[in-house]
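Asker: Handing you this structure, nothing more for now.
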Amino acid sequence: MLDSDEASRLLDILGNRNRRRIISMLQQKPCFVTELSERLMLSPKALIEHLQMMEEQELLKSYLDERRRKYYYLTGDIAISVSVQPSSPPEPEVGEQDGRFFHTLANLRRLIHAREGLIGDLEHLERDIEQKIGDLYQHCNGMIRNDTEMDLIVALTHSDLSWEDLQEYSSLSPQELGKALGGLVERRIVEQRDQRFTLRGIHAE
């Protein structure tokens, strides 16, 4: 049984929709950072902040596989039971009750239609993103030399990232990350500004 402080801490963590989405994925299987970022469509920086927060609160742990990819997994099952005691509001008049019922139905229909439209838009965006990544491979003229460099470039399209963010995202060793970033900097694809790496010609918000 959780005490009140532990319950408040857990509710604060679960109050964020993206952290709930991360937990939902990890309930299925351990995942590495790139996999979480791509499936949840979260920027590497935002994802890393969520993971670090939950790891500090001991909801998650991590390990490295033989390819040095960092996998996250839940430290235990998370199940929440909420009990709400019913109250007895004044009975509305029949006409008022019918009006509320049909008004709620109309709002539900509108929200469902809006969700379907957003899902369709999201599917189009995902296809466009995959196509653009494919275009980069086809038209890079040797500027992008391997999948590691491509992963770093895709991460930096989300936002400018520090060395620590990139290492957390990629799970590369310091030597491997330094070599990949060094090559991208040398080819003038990436530059470093104020302890953060950014794509040349692209200024993140």
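The values are calculated or read from the model by the stated rules, or taken from the named source; none is laboratory data. None of the values given here were measured: they were computed from a predicted structure. Here Cβ is always computed from backbone atoms with ideal geometry, including for glycine, and neighbour counts include all displayed protein chains.
Asker: Look through segment 126-150, keep the residues that are within 21 Å of the chain's Cα centre (by Cα) and closer than 19 Å to ARG188 by Cβ, and return whichever of them is surrounded by the fewest Cβ atoms within 10 Å (Cβ to Cβ).
Answerer: In this case the residue turns out to be MET150.
Asker: When the residues of segment 55-65 are filtered to those that are touching a residue at least 40 places away in the same chain (Cβ under 8 Å) and surrounded by fewer than 20 Cβ atoms within 10 Å (Cβ to Cβ), which remaining residue is nearest to SER173 (Cα to Cα)?
Answerer: So, considering only residues that are touching a residue at least 40 places away in the same chain (Cβ under 8 Å) and surrounded by fewer than 20 Cβ atoms within 10 Å (Cβ to Cβ), the one nearest to SER173 (Cα to Cα) is LEU64.
Asker: Related question: Considering only segment 31-51, how many residues are more than 16 Å from THR148 (Cβ to Cβ), part of a helix (DSSP H, G or I), in contact (Cβ under 8 Å) with a residue 40 or more places away in the chain and not hydrophobic (A, V, I, L, M, F, W, C)?
Answerer: 1
Let's see how each residue does on (1) surrounded by fewer than 19 Cβ atoms within 10 Å (Cβ to Cβ); (2) modelled with pLDDT of 85 or more:
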{"residue": "ALA155", "(1), (2)": "no, yes"}
{"residue": "HIS158", "(1), (2)": "yes, no"}
{"residue": "LEU161", "(1), (2)": "no, yes"}
{"residue": "ASP165", "(1), (2)": "no, yes"}
{"residue": "GLU168", "(1), (2)": "no, yes"}
{"residue": "GLN175", "(1), (2)": "yes, yes"}
{"residue": "GLY178", "(1), (2)": "yes, yes"}
{"residue": "THR198", "(1), (2)": "yes, yes"}
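Asker: Among the residues of segment 95-144, how many are aromatic (Phe, Trp, Tyr) and within 21 Å of GLU38 (Cα to Cα)?
Answerer: Here is the first cut: in segment 95-144, the ones aromatic (Phe, Trp, Tyr) are 101-102, 137.
Narrowing further to those that are within 21 Å of GLU38 (Cα to Cα): 137.
Count: 1.
Asker: Is segment 5-14 home to any residue that is assigned by TED's automatic domain parsing to the domain that holds LEU60 and modelled with pLDDT of 85 or more?
Answerer: There is no residue in segment 5-14 that is assigned by TED's automatic domain parsing to the domain that holds LEU60 and modelled with pLDDT of 85 or more.
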